[in-house]
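The values are calculated or read from the model by the stated rules, or taken from the named source; none is laboratory data. Computed from a predicted model, the values in this text were never measured in an experiment. Quick reminder, even Gly has a Cβ in these numbers, built from the backbone with ideal geometry, and neighbours come from all protein chains shown.
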Amino acid sequence: MRIFLDASVVLAACGRPAGGSRAIFDFAPRNGWRLLTSRYVLNEVARNLTKLPSPALTVWPTLSPRLTVTRDVWTMDRPAVFEPAKDRPVLFTSAAWAKVLLTLDTGDFGGVMETGFYHLSVMRPGPFLERERAAGRLK
């Protein structure tokens with residue numbers, strides 16, 4: 001399964017070793033998940049990484065090789081009602097390349113978390129892991 005990670009999830013994975021965001025990285029290899037991100041997201045990670053406690057800076061080099069960087073998508077050939085302009089590239093890129101978008105940004109992505117976005121499920125890491133466990137797919 002292709003899973004797109006928003007900057008909030010990547011940063012949380014760097015900053016909290018016991019959280020759901022880090023668990024996504026840990027579970028990915030044995031569950032066949034391909035973790036995707038984009039240059040747009042990586043730029044946001046770079047801008048915010050130094051705001052985290054210093055151990056996060058040492059964790060990032062171990063997590064970044066586990067990400068596959070996809071091409072950013074700036075427009076869609078379908079109607080899209082999505083207000084936060086700064087997050088449109090995240091939504092459009094994830095819709096182009098993944099089945100699931102994982103984000104902790106419920107303020108901007110909350111509306112599509114309830115409904116999804118076309119074929120794309122938009123979730124927080126914890127509920128995603130719970131869904132996979134309940135379906136018997138989590139190894």
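Residue selection: Leu91 fails the criterion of being of a type in the set (A, V, I, L, M), in a loop (DSSP other than H, G, I, E, B) and at pLDDT 90 or above.
Among residues of region 52-75 that are within 13 Å of Arg16 (Cβ to Cβ) and touching a residue at least 60 places away in the same chain (Cβ under 8 Å), none has a beta-carbon under 7 Å from a residue that is part of a strand (DSSP E or B) and aliphatic (A, V, I, L, M) at least six positions away or on a different chain. Picking from residues in region 100-124 that are closer than 19 Å to Glu44 by Cα and not β-branched (Val, Ile, Thr), the one that is surrounded by the fewest Cβ atoms within 10 Å (Cβ to Cβ) is Gly107.
Among residues of region 122-139 that are within 17 Å of Leu5 (Cα to Cα), those with a beta-carbon under 7 Å from a residue that is among the aromatic types (Phe, Trp, Tyr) and part of a helix (DSSP H, G or I) at least six positions away or on a different chain give the pairs Val122/Phe109. Number of residues in region 94-117 that are assigned to a loop (DSSP other than H, G, I, E, B), under 19 Å from Ala12 (Cα atoms) and modelled with pLDDT of 95 or more: the value is 2.
If I filter region 40-54 for residues that are aromatic (Phe, Trp, Tyr), touching a helix residue (DSSP H, G or I) at 6+ places or on another chain (Cβ under 8 Å), modelled with pLDDT of 95 or more and assigned to a helix (DSSP H, G or I), do I get at least one hit? Yes, because at least one residue in region 40-54 is aromatic (Phe, Trp, Tyr), touching a helix residue (DSSP H, G or I) at 6+ places or on another chain (Cβ under 8 Å), modelled with pLDDT of 95 or more and assigned to a helix (DSSP H, G or I).
Flag: Asp72 does not match the condition of being closer than 16 Å to Asp87 by Cβ and buried (at least 21 other Cβ atoms within 10 Å of the Cβ). Scanning region 98-117 for residues being closer than 15 Å to Ile3 by Cα and over 12 Å from the mean Cα position of the chain (by Cα) gives a total of 3. One residue stands out in region 11-53 among those that are of a type in the set (A, V, I, L, M) and within 16 Å of Trp97 (Cβ to Cβ): the one that is surrounded by the fewest Cβ atoms within 10 Å (Cβ to Cβ), namely Leu42.
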